[in-house]
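The values are calculated or read from the model by the stated rules, or taken from the named source; none is laboratory data. Predicted, not measured: the structure shown is a model, and the values here were computed from it. Cβ atoms come from the backbone with ideal geometry, glycine included; neighbour counts cover every protein chain shown. We work out accessible area using only protein heavy atoms, side chains counted, and drop any ligands, DNA or RNA first. Shrake-Rupley method; radii C 1.70, N 1.55, O 1.52, S 1.80 Å.
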Amino acid sequence: LLQARGKIDEAILIAETEDRVHLKNTYFHKAQQLKEKGDIKAALEYFEKSQNPVQNITQMLLDNPLAMKRYMQNSTDPKMLKWWGQYIESSGDMDGALAVYQKAEDWFSQVKILCYLGKISKADAIARQSGDRAACYHLARHYENVGKFQEAIMFYTRAQTFSNAIRICKENDFQDELWTVASSSRSRDKAIAAAYFEECGSFKRAVELYHRAGMLHKALEMAFESEQPEVLEIIASELTLESDAELENRCADFFTSIEQHQKAVYLLAKTMHLKRSLQICMEKGVPITEELAEMLTPNKNDLDETSRSEILTHLGELLQQQGDYHTATKKFTQAGDKVRAMKCLLKSGSTEKIIFFANMSRQREVYIMAANYLQALNWQEDEHILKHIITFYSKGQAYDSLANFYAICAQIEIDEYHNYEKALKAMHEAANCLRKLGHSQHALNNLEKTIGDVKKILDIQNAMKNGDNQTVISGCRNMLIKPETPPIRQADILAMLVRALAYTKQWVEAGRALKELAMKDNAWNTIGLVDKALVQKITKECNLDFDIIWNSGRRRVNIDNSETEQDKEEEIEEELR
């Protein structure tokens, strides 16, 4: 509204503060207003701020050459200077136009003028230094016209007009230059160069250019024919699930045909041909690395559950055959076969992983296998393992195995530590396990009889602590009447009897019991069943040879192995007499 009413200054104020969209248009109206008034200097200032200053200013100054020249000499606008250079060039002043183009840094126009003036070296330097595509293209055309093809190829390449460079290379059979140009050109130009190399018999270059141009079928076909495994490997590494299945299988077939089975396996695994990949691994003995094992593991969404489990099981079997038990365990687990996974893990001998896997699997058979494995270790010295054996047998509800384990514990407590109290606790636990089974009544009855005997031995031990030697003597003799049944040791009973008889000064009976103890247990003198001082006292009172008695066990062990058992017994008895 203000422009229509001629109030341009007010219009400029509003445009500058509120409506910058129309600012340049308002400047143009102000410049036109000043031009009509004859105020050229002020008009130039506003035309410079308008939308198209070059067109407006040149039209205004065209009729005033002197004013035009003064304005252009002071201008730094590249577009304005370019127009001025073209104006001077049209008048035939090439040197003057060149100076203006230099000020405007118009490289193309500089090269064009220099080529026209024959100053090719300067044009070459400007094109090289600036890298301007238009300048390089113009200079390349000049070099081609004068027969300097190498320079023309270089500047066509710099101008990124690869088709012209390729054309010159083909026309002059510059194969090395063609290879260099085509390597950095567009796909279409690569294909053209590849076709030329194919015609010339340079198949390696042709294959690589076809490949770079995205023409995989053509590249593979030629690579197969010319047997180029290196190029095929590069192409195969770029194949994906979306690639043509025919291409993938052809590459794999080629690798197997030249005995490069590992490359075939990796290609097939990458492109999800898992069954065939595993088949090659099995037939050709290809080692399965951790990376390859992950590649051969299908995702849950890739296959149905049955097919996935089948592949994972096959993979686990191959890993197990190669001795990679940990990875094989992982694959069996992923296949849902925890029992086979545990069997494989047991072969690794990694106790911590076996315990961890058993806890995680929560499967009866796995618990039992883990407990059986742990029972073969030195659990007597590791309470941690002992607890896990009991826990796993309990969780696996293997009460018969747990009962046997408790029986072994009881036997060890008596044989090695002579601790009938702990043995009794273990036997009670074994009895509880047999009760849970419900079908081992005979074994339970035998065990309860043994528990009764152990309790009697504990009673005898308590009587000895209390100084009731007569009770000890009678109790020991009653126990010795019965046949020896594990885990009870008659040697322990005889040792108590010897001590009780000695304490009551029944030396003759004590000597007899000591002889019987020496006959019963080879190691009685080394495990501390009877104190050495007490043995010396008994042998002195009974007029026995201490050395023969004390070393009888050692002598029994060292008798020559060629003697019969009866000979051994007779020799020992003779010594004791």
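Of the residues that make up region 199-222, is at least one touching a helix residue (DSSP H, G or I) at 6+ places or on another chain (Cβ under 9 Å) and within 29 Å of residue 111 (Cα to Cα)? For region 199-222, residues touching a helix residue (DSSP H, G or I) at 6+ places or on another chain (Cβ under 9 Å) and within 29 Å of residue 111 (Cα to Cα): absent.
For region 214-241, the tally of residues that are surrounded by fewer than 22 Cβ atoms within 10 Å (Cβ to Cβ) and of a type in the set (Gly, Ala, Ser) stands at 3.
So that you can scan it fast, the table gives a plain yes or no per residue for (1) part of a loop (DSSP other than H, G, I, E, B); (2) in contact (Cβ under 8 Å) with a residue 12 or more places away in the chain; (3) crowded, with 20+ Cβ neighbours inside 10 Å:
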residue: 329; (1), (2), (3): no, yes, yes
residue: 340; (1), (2), (3): no, yes, no
residue: 360; (1), (2), (3): no, no, no
residue: 374; (1), (2), (3): no, yes, yes
residue: 384; (1), (2), (3): no, no, no
residue: 390; (1), (2), (3): no, yes, no
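The set of residues in region 403-412 being in contact (Cβ under 8 Å) with a residue 24 or more places away in the chain, farther than 17 Å from residue 448 by Cβ and surrounded by 18 or more Cβ atoms within 10 Å (Cβ to Cβ) consists of 405 alone.
Of all residue pairs spaced 6 or more apart or on separate chains, those with beta-carbon atoms under 8 Å, a first member in region 112-128 that is open to solvent by less than 50 Å² (accessible area, probe 1.4 Å) and a second member that is acidic (Asp, Glu) and part of a helix (DSSP H, G or I) are 113/89; 124/151. The set of residues in region 84-97 that are of a type in the set (Phe, Trp, Tyr) and either modelled with pLDDT of 70 or more or more than 19 Å from residue 112 (Cα to Cα) (or both) contains only 87. Taking the criterion of being out of contact with any Ser or Thr (no Cβ under 9 Å at 6 or more places or on another chain) and at pLDDT 80 or above, the residues of region 209-222 that qualify are 210, 211, 218, 219, 222. Of the helices (runs of 4 or more DSSP H) that lie entirely inside region 196-260, those containing 1 or more residues that are within 30 Å of the chain's Cα centre (by Cα) and among the hydroxyl-bearing types (Ser, Thr, Tyr) span 229-237, 245-257.
From the list 396, 438, which residue is more than 30 Å from residue 524 (Cα to Cα), at pLDDT 90 or above and of a type in the set (Gly, Ala, Ser)? Residue meeting the stated conditions: 396.
Close Cβ contacts (under 6 Å, 6 or more residues apart or on different chains) running from residues in region 442-454 that are closer than 21 Å to residue 475 by Cα to residues that are of a type outside the set (D, E, K, R) and at pLDDT 90 or above comprise 447/431; 451/427; 454/420; 454/424.
Conditions (1) modelled with pLDDT of 55 or more; (2) surrounded by fewer than 16 Cβ atoms within 10 Å (Cβ to Cβ), marked per residue:
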{"residue": "523", "(1), (2)": "yes, yes"}
{"residue": "546", "(1), (2)": "yes, yes"}
{"residue": "556", "(1), (2)": "no, no"}
{"residue": "562", "(1), (2)": "no, yes"}
{"residue": "569", "(1), (2)": "no, yes"}
{"residue": "577", "(1), (2)": "no, yes"}
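Open to solvent by 50 Å² or more (accessible area, probe 1.4 Å), on the phi < 0 side of the Ramachandran plot, part of a helix (DSSP H, G or I) and at pLDDT below 90: does that describe residue 302? No: the conditions fail for residue 302. In the set 248, 230, only one residue is farther than 24 Å from residue 315 by Cα and either modelled with pLDDT under 80 or not aliphatic (A, V, I, L, M) (or both); that residue is 230. Of all the criteria given as (1) in a helix (DSSP H, G or I); (2) over 27 Å from residue 250 (Cα atoms); (3) without any contact (Cβ under 8 Å) to a residue 24 or more places away in the chain; (4) open to solvent by 50 Å² or more (accessible area, probe 1.4 Å), the one not satisfied by residue 283 is (2). Scanning region 314-327 for residues that are assigned to a loop (DSSP other than H, G, I, E, B) and surrounded by fewer than 19 Cβ atoms within 10 Å (Cβ to Cβ) yields 322, 323.
Applying the set (1) modelled with pLDDT under 90; (2) under 11 Å from residue 487 (Cβ atoms); (3) in contact with a helix residue (DSSP H, G or I) (Cβ under 6 Å, 6 or more places away or on another chain); (4) of a type outside the set (Ser, Thr, Tyr) to residue 415 leaves exactly one unmet item: (3). Note on region 184-196: among residues that are within 15 Å of residue 159 (Cα to Cα) and surrounded by fewer than 16 Cβ atoms within 10 Å (Cβ to Cβ), the one that is modelled with the lowest pLDDT is 184.
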